[in-house]
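Before any comments, here is the structure.
Every read-out reported here was derived from the displayed coordinates using simple, explicitly stated rules and does not represent laboratory data. Because the structure is a prediction, the values reported are computed rather than measured. Note that each Cβ is placed from the backbone with ideal geometry, even for glycine, and that neighbours are counted across all protein chains shown.
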Amino acid sequence: MVPKLAQYNQSIGLPPFSPPITVTESYNAPLAFEPGTSWTYSTGIDWTGVLIARVSGLPLERYFQNHIFTPLGITDMTFWPKRNPVLESRMASLSMRDPAVPDSAGKVIPNKGHNMQASVLEEFGGQGLYGSMPSYLEILKSLLVNDERLLKTATSALMFEPQLTPESQQALQAVYRSQPATGPCSIGVFPPEIKYDWGFGGLLTCEDVHDDQVSYRKKGSLNWSGMPNIFWV
């Protein structure tokens, strides 16, 4: 979270960060900056979900079922697994490294932390979707091979086009200069001298990455990850 937004929440009697309830209730803080003038990890995709639901007149779950899951034959993705006993019984538990052991060298133990989705009352476009790994990969495969079951080829191509203004790109670049080992929710090493941008869907690498005579993450690669370490390139 942007430190100033945490201070803003505290100034109006709220905790610095609260579990999400609805998008409009949980993510209605003032803008940290004018759009196009900087970059930060944000709740923009959640607000996009609100826009889709209002324009379509459908809850986001139903919209996804109609336009993503059904075209791909997916039957095990939902925002509400507890409403389906079969899917709930298949849910994997989350684990973590014992934080008492330094350098992430501890044993794997059950994660007993707070469930971030426990309080939600609506679907969020940027979080909280449950599904199996084969179904998740089916979505990525459809986009990768451009089979047009989800998006037209021209629309898919836009995902790999830089979308940031020069000011926003420089702000994103500064993030990777300060966090080259991880970046914000990205997995891998991100050399700060490589140019990065943002495509519809994730971080866009704009130059080939070379390391010890090995090339990886080629120019045009798109990647991102999720809180449970579900990442893709």
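Here are a few things to note about the model shown:
- For segment 1-130: rounded, prolate or oblate by the Cα gyration tensor [a/c cutoff 1.5]: oblate
- With the simple model of a label 7 Å out from the Cα in the direction of the Cβ, Asn28 to Tyr41 spans 2.6 nm.
- With a cut-off of 15 Å between beta carbons, the residues surrounding Ile109 carry a summed charge of +2, where Lys and Arg count +1 and Asp and Glu -1.
- Which of Val233, Val86 has the fewest Cβ neighbours within 10 Å, and the rest in rising order: Val86, Val233
- Linear extension gain, Met227 paired with Ala118, 0.36 nm per residue minus alpha-carbon span: 37.7 nm
- Note on Ser95 and Asp147: the model spin-label points, each 7 Å out from Cα along the C-beta direction, lie 3.2 nm apart.
- Whole-Hz couplings from phi, Karplus 6.51/-1.76/1.60, listed for segment 11-17; x for Gly and Pro: 5, 9, x, 9, x, x, 8
- If you wrap the Cα atoms of the chain in a convex hull and average its projected area over all directions, you get 15.4 nm².
- Highest-first packing order for the peptide set 69-80, 197-208 is 197-208, 69-80, based on the mean count of other beta carbon atoms within 10 Å.
- Listed values for segment 169-176 are Karplus-derived 3J(HN,Hα) couplings in whole Hz (6.51 cos²θ - 1.76 cosθ + 1.60, θ = phi - 60°), namely 5, 5, 5, 5, 4, 5, 4, 7, and x replaces Gly and Pro.
- An oblate overall shape is assigned to segment 64-191, the ratio a/c of its alpha-carbon gyration tensor axes (a ≥ b ≥ c) being 1.5 or greater and a/b not exceeding b/c.
- In whole angstrom, segment 159-233 maps to an equivalent ellipsoid with semi-axes of 16, 15, 13, each derived as √(5λ) from the alpha carbon gyration tensor and ordered largest first.
- Mean separation of Cα contacts under 8 Å (6+ apart) over length of segment 159-233, as relative contact order %: 27
- In terms of packing, defined here as the mean over residues of other Cβ atoms within 10 angstrom, the peptides 105-114, 124-133 line up highest first as 124-133, 105-114.
- Where labels lie 7 Å past Cα in the beta-carbon direction, separation of Thr75 and Val2 in nm: 4.6
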